[in-house]
Structures are given as C-alpha cells and as structure tokens.
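Visitor: Once you've had a glance at the structure underneath, I'll fire off some questions.
The values are calculated or read from the model by the stated rules, or taken from the named source; none is laboratory data. The structure presented is a predicted model; accordingly, all values stated were derived computationally and were not measured. Note that we place each Cβ from the backbone using ideal geometry, even for glycine, and neighbour counts take in every protein chain shown. To get the accessible areas, we keep the full protein, side chains included, count just its heavy atoms, and leave off ligands, DNA and RNA. Shrake-Rupley method; radii C 1.70, N 1.55, O 1.52, S 1.80 Å.
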Amino acid sequence: QTRHNTNAPIDFSAQHFEIQDRANRAILSGNVSIQQAEMTLDAARVTVRYTGQVIDGSPQVSRLDASGGVFIKRPDQTARAQYAVYDLNSRVITMLGNVRLTQGGNTIGGGRLRIDLDTGKAVIDGSSVGSSRSGETTTHENGRVTGRFSVPDRGQ
Amino acid sequence: MSEIAKQMRSRRQRWAEPGSGHDRIVAIMQAGLPMAIGVLAAFLVMAPLFKGGDVSFLLAKDKVDVAKERLKIQSATYRGEDDKGRAFTLVAGQAVQKSSAEPVVRMKDLAAQIQLSDGPARLVAQQGRYDMDSQKVKIEGPIKFRAADGYQLDTRDATVDLRTRTMKSDSPVSGRTPLGTFSGDELSADLEKRIIRIDGNAHLRIVPKQANRR
C-alpha cells in the first residue's frame with residue numbers, strides 16, 4: 001500500500017462552491033469529486049477547512065468533511081460510507097455510517113472505518129456512535145463487523 | 001565764352017525765369033502734395049472699415065474635422081458613494097463617452113478605489129465600461145482585486161457593482177485567490193464579506209502549503 005502524499009495539490013470539481021475567506025472554509029456541493037495524488041473522493045457535499053495565514057502563500061488545508069454517499073478510491077482500496085472526515089494534519093481518513101471497505105477482493109462492512117494514510121492500515125469497528133456533522137444523530141447500529149474474504153486456492 | 005556755353009546758359013536762364021516750366025511744376029507741387037497727404041491719411045484711417053469684405057473666409061461645415069465622441073478625457077476621475085455612504089473613486093487613463101444620451105463611459109486602464117470595512121481596496125483592470133447611473137463597471141479582460149490586508153482576487157470579464165461592492169460575471173470565468181485557483185461558469189463575489197461563489201462545473205485547485213511537520 002503506497003504512502004499517500006497529503007501535501008499533493010488537491011483538485012476539486014463540483015456544481016457549485018463558495019469560498020468564505022473570513023470563515024476560512026470552502027463549501028462545495030453538487031456531486032463533488034476530489035482528486036489528490038492517486039486518491040479520489042466523491043461525495044454530495046464537501047466542506048474544506050483551512051487554517052493558517054492565507055496571506056503569505058498557499059493555505060494549510062486542515063480538514064475535509066464529506067457527506068452524502070462518500071466513495072473513496074485508492075490504488076487497491078475502495079471505501080463507501082455516508083460521512084467521511086479527511087484530516088490532512090494527522091493524515092487519517094475516518095468514515096462513518098454503514099461503511100463498506102473492499103481491498104483486494106475482500107469486502108468488510110462496519111460502523112466506522114479509520115484509514116491511516118501513512119501505513120495504509122484500515123481499522124473497522126462496529127460502533128458508529130456520535131452525532132454527525134449535519135445535525136441528525138446516527139443511530140447506534142448493532143455494532144457488528146461483517147467481512148467476506150476470498151481464499152486463494154492453493155492448487156493441489 | 002563758346003557758342004555752346006552761351007546756349008547752355010540761356011537754357012538755364014530760361015529755365016530759371018519766373019513763369020517757366022519749373023515754376024509751374026513747383027506751383028502744382030505746392031498745392032498737390034499737401035492734398036495728396038490728406039487723401040492718403042484719410043485712406044489709411046478709413047480703409048479697414050470699408051475693405052473688411054475680402055479678409056473673411058467661409059467656414060465650410062462639412063470639411064471641418066468633427067470629433068466622433070462627445071467627451072474624451074485623458075485621465076478621468078469619477079467619484080461616487082456606495083450604499084453605506086462611503087466614497088469610491090474610479091480613475092481611468094482614458095475615458096470616452098459616446099454620446100450624452102447613454103451614460104456609459106468606455107475606459108482604458110482603470111483603477112477603482114473602494115472602502116471596505118477593514119480598509120481601502122483597489123481594483124485594477126485594463127478595459128471597462130462604467131455605467132454612471134447604475135455605478136457598475138463592466139470589465140473586459142483581467143481584473144486584479146487587492147485588499148488592504150493583502151487578500152487578492154484575480155479574475156476576468158466581470159461586472160463590478162461599486163455601490164454594493166460585489167462582482168458578478170455570467171460568462172465562464174477563472175481566477176486565483178489566496179486559497180487556490182478556481183474556474184467555473186458563473187462567478188458572484190461579495191468583496192466585503194469575501195465570499196466567492198462559483199456555479200456551473202466549478203473547479204478549485206488548492207496547493208496545500210508544505211506541512212511544517214517533520
């Protein structure tokens with residue numbers, strides 16, 4: 001699993017977007033698709049938060065919140081969920097709401113997924129407690145993690 | 001004395017006798033010359049009054065070089081007030097107003113100075129048409145917006161409303177802000193609140209600053 005470069009330029013494309021410089025954020029809506037290095041993220045709405053002095057050059061993007069049918073694709077990993085938070089500083093993607101991760105033929109489902117972009121390690125757990133950003137709370141699912149692994153046949 | 005000398009002397013004596021030709025000439029001159037002086041003086045005094053006829057010339061209306069536009073100003077300054085009553089000035093290298101009927105002034109290399117809540121801001125463009133009634137500048141070509149604290153917005157072909165300090169463009173537009181470069185079909189920006197809204201296949205490209213960790 002190659003290490004994802006979070007400092008690569010990020011390309012957004014959407015139907016609409018609004019840059020609110022005073023609030024240091026940009027809101028994109030209308031089948032947003034984000035491309036950074038070799039990772040793509042598609043969602044209905046994305047909010048980009050950036051911090052730091054924007055004056056002396058490019059800003060420090062700190063966080064991307066995606067919601068509404070998020071689909072993340074990486075070279076050999078694809079993940080699907082309702083919400084996703086991509087924290088560029090800690091280089092972790094957290095996904096919530098009936099997550100389905102497929103990696104090399106195996107699919108795993110669960111409540112919450114945490115992908116560490118440096119090591120490519122994906123941790124799935126069942127608890128999807130906690131209210132989501134857009135206000136309505138996610139119900140606590142039965143907390144199970146399901147998975148289907150394809151076993152390579154060993155020949156004889 | 002010789003014969004000739006005698007004839008010479010007698011001719012000169014005849015010339016000098018009273019009533020000779022010479023005397024007649026002198027008598028005529030004595031009366032003629034003063035009269036000639038008088039006539040000349042009268043002529044000189046009266047001449048400009050009568051002779052005015054041939055000095056004037058006919059101004060042919062169609063052969064004169066007529067200026068096309070009604071008003072051409074070299075370095076023009078237009079002042080106005082935005083809706084909060086703060087003054088703005090619009091300086092143009094050259095401003096041409098086609099006719100007094102339409103209040104639109106075509107301007108070259110114009111600069112607008114507007115007041116925002118956090119200080120003055122400047123907007124520079126190469127070409128634009130300023131509508132004096134609606135106080136809107138329809139700009140063709142690149143636009144550079146610089147705010148007091150260094151905030152920048154570069155875009156092109158937009159209409160700037162100096163009264164409400166907003167910028168709108170309905171043709172495809174591209175530009176750059178500190179956050180990144182954007183492009184899209186329609187732009188509407190509020191320069192005061194610094195909100196840039198792009199509609200219609202909007203693209204945004206952010207190059208995050210190199211993380212200062214590690």
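Visitor: Just name the residue that is farthest from the other protein chains (Cβ to nearest Cβ) out of those in the stretch B:136-159 that are in contact (Cβ under 8 Å) with a residue 24 or more places away in the chain and of a type in the set (D, E, K, R).
Guide: Here the residue is B:136.
Visitor: Turning to a different aspect of this structure: Read through the list (1) within 13 Å of chain B (Cβ to nearest Cβ); (2) farther than 29 Å from residue A:149 by Cβ; (3) in contact (Cβ under 8 Å) with a residue 24 or more places away in the chain, then give the number of the only condition that residue A:16 fails.
Guide: Of everything listed in (1) within 13 Å of chain B (Cβ to nearest Cβ); (2) farther than 29 Å from residue A:149 by Cβ; (3) in contact (Cβ under 8 Å) with a residue 24 or more places away in the chain, residue A:16 misses just condition (3).
Visitor: Just name the residue that is farthest from the other protein chains (Cβ to nearest Cβ) out of those in the stretch B:160-196 that are part of a loop (DSSP other than H, G, I, E, B), open to solvent by less than 40 Å² (accessible area, probe 1.4 Å) and modelled with pLDDT of 85 or more.
Guide: It comes out as B:162.
Visitor: Still on this structure: Go through the residues of the stretch B:52-68 one by one and say whether even a single one is under 57 Å from the mean Cα position of the chain (by Cα) and surrounded by 10 or more Cβ atoms within 10 Å (Cβ to Cβ). It would help to see each step written out before you state the result.
Guide: If we filter the stretch B:52-68 for residues that are under 57 Å from the mean Cα position of the chain (by Cα), which is where we start, we get B:52-68.
Checking which are surrounded by 10 or more Cβ atoms within 10 Å (Cβ to Cβ) leaves us with none.
No, the stretch B:52-68 contains no residue that is under 57 Å from the mean Cα position of the chain (by Cα) and surrounded by 10 or more Cβ atoms within 10 Å (Cβ to Cβ).
Visitor: Restricting attention to the stretch A:32-48, which residues are surrounded by fewer than 18 Cβ atoms within 10 Å (Cβ to Cβ) and modelled with pLDDT under 90?
Guide: Scanning the stretch A:32-48 gives A:37, A:38.
Visitor: Out of the residues in the stretch A:64-77 meeting the condition of being under 15 Å from residue A:92 (Cα atoms) and modelled with pLDDT of 90 or more, tell me which one is nearest to the other protein chains (Cβ to nearest Cβ). Please lay out each step first, then the result.
Guide: As a first pass, look at the stretch A:64-77 and keep what is under 15 Å from residue A:92 (Cα atoms): A:64-66, A:72-74, A:77.
Among the residues that remain, those that are also modelled with pLDDT of 90 or more are: A:64-66, A:72-73.
Values: A:64: 10, A:65: 15, A:66: 14, A:72: 18, A:73: 19 Å.
Of everything passing the filter in the stretch A:64-77, A:64 is nearest to the other protein chains (Cβ to nearest Cβ).
Visitor: Looking only at residues in the stretch B:85-105 that are without any contact (Cβ under 8 Å) to a residue 24 or more places away in the chain and within 18 Å of residue B:67 (Cα to Cα), which one is least open to solvent (accessible area, probe 1.4 Å)? Working first, answer last.
Guide: Step one: of the stretch B:85-105, the residues without any contact (Cβ under 8 Å) to a residue 24 or more places away in the chain are B:85, B:91, B:93-94, B:101-102.
Restricting the remaining residues to those that are within 18 Å of residue B:67 (Cα to Cα) gives B:94, B:101-102.
On the way: B:94: 47, B:101: 90, B:102: 65 Å².
Only one residue tops the list, namely B:94.
Matching residues to (1) open to solvent by less than 70 Å² (accessible area, probe 1.4 Å); (2) at pLDDT 85 or above:
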{"site": "A:91", "(1), (2)": "yes, yes"}
{"site": "A:96", "(1), (2)": "yes, yes"}
{"site": "A:101", "(1), (2)": "yes, yes"}
{"site": "A:108", "(1), (2)": "yes, yes"}
{"site": "A:116", "(1), (2)": "yes, yes"}
{"site": "A:127", "(1), (2)": "yes, no"}
{"site": "A:151", "(1), (2)": "no, no"}
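Visitor: Oh, and also: For the stretch B:136-159, give me each residue that is within 26 Å of residue B:180 (Cβ to Cβ) and either of a type in the set (Asp, Glu) or open to solvent by 70 Å² or more (accessible area, probe 1.4 Å) (or both).
Guide: Listed by number, the residues that qualify are B:140, B:144, B:146, B:149, B:154, B:156, B:157.
Visitor: Return the residues of the stretch A:24-53 that are touching a His at 6+ places or on another chain (Cβ under 6 Å) and among the polar types (S, T, N, Q); say none if nothing qualifies.
Guide: The answer is A:29, and nothing else.
Visitor: Of all residues being touching a residue at least 40 places away in the same chain (Cβ under 8 Å) and assigned to a strand (DSSP E or B) in the stretch B:112-122, which is nearest to residue B:195 (Cα to Cα)? Just the residue, please.
Guide: Out of the qualifying residues, it is B:116.
Visitor: Assigned to a strand (DSSP E or B) and either within 22 Å of residue A:19 (Cβ to Cβ) or outside the structural domain of residue B:85 (by TED's automatic domain parsing) (or both): which single residue out of B:199, B:149 fits that description?
Guide: B:199
Visitor: Out of B:109, B:133, I need the residue that is without any contact (Cβ under 8 Å) to a residue 40 or more places away in the chain, more than 22 Å from the chain's Cα centre (by Cα), in the same structural domain as residue B:169 (by TED's automatic domain parsing) and open to solvent by 30 Å² or more (accessible area, probe 1.4 Å). Which one?
Guide: Working: B:109 fails: more than 22 Å from the chain's Cα centre (by Cα).
Unique residue meeting the criteria: B:133.
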